[in-house]
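The values are calculated or read from the model by the stated rules, or taken from the named source; none is laboratory data. On a predicted model such as this, the values are computed, not experimentally measured, just so you know. So basically every Cβ, Gly included, is an ideal-geometry build from the backbone, and we count neighbours across all protein chains shown. These accessible areas exclude ligands, DNA and RNA; they are computed on the full protein's heavy atoms, side chains included. Shrake-Rupley method; radii C 1.70, N 1.55, O 1.52, S 1.80 Å.
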Amino acid sequence: MALKSDRNVLETDISLVCNDVVSKGLVLVYGTQASGVGNETPGIASLVVNPSGYKVAGLTLASFVSIDQTRQHRNFHKDEQVVGEKAPLLRKGYVVTDAVAGTPAPGAPAYLVGTGVLSTVISPVGVVATPLVGAFATAKDESGFAKVYIDLPA
């Protein structure tokens, strides 16, 4: 998955840690969160296969890689973060991503479906709803990229 350079970042969150290998442009959800004395410990943003019942943390603006930093450097030109670092998450704005399933139409709502991918499909009636992330601004282009407005509550 990938992001194109056409984006408008209005609000980000860097308070959560990502412990998964993740490509940029995928949507992460809130994982475990400390309470009480552990409030100084950052929470975790995770990539889940079934997002039903989860709250969306944001769309990751960096790739997370698992590398041995004593042998190689992260690639700063590709916005790489190392697993276990803080995650730059888009909360409001728009991006052009290829993490899109199906054939969205402009103006259609964007829901988080499996493994960080966005779609216009919602869960069946009676099942906990898939989380709403924003809205599609365009349909997919010939490369599979679509512009998506991300609008998550504060």
Matching label for the computed P(r) over Cα pairs in 10 Å bins from 0, in percent, out of (i) 11, 44, 36, 9, 0; (ii) 10, 33, 32, 21, 4; (iii) 12, 40, 34, 12, 2, 0, is (iii)
Among A99, L89, F76, the residue whose Cα sits farthest towards the positive end of the charge dipole of region 41-138 (+1 at Cβ of Lys and Arg, -1 at Cβ of Asp and Glu, taken about the Cα centre) is L89
Answer in debye to the nearest 20: the dipole magnitude of the chain about its Cα centre, from +1 Lys/Arg and -1 Asp/Glu charges placed on Cβ, is 80
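Mind ranking V49, V65, V27 by accessible surface for me, highest first, 1.4 Å probe? Mind dumping the intermediate values first?
On the way: V49 115, V65 30, V27 5 Å².
Per-residue accessible area, sorted high to low, gives V49, V65, V27.
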The relative contact order of the chain, taking Cα pairs under 8 Å that sit 6 or more residues apart, comes to a percentage of 27
Given a 1.4 Å probe, the accessible area of the chain per residue, as a whole number of Å², is 53
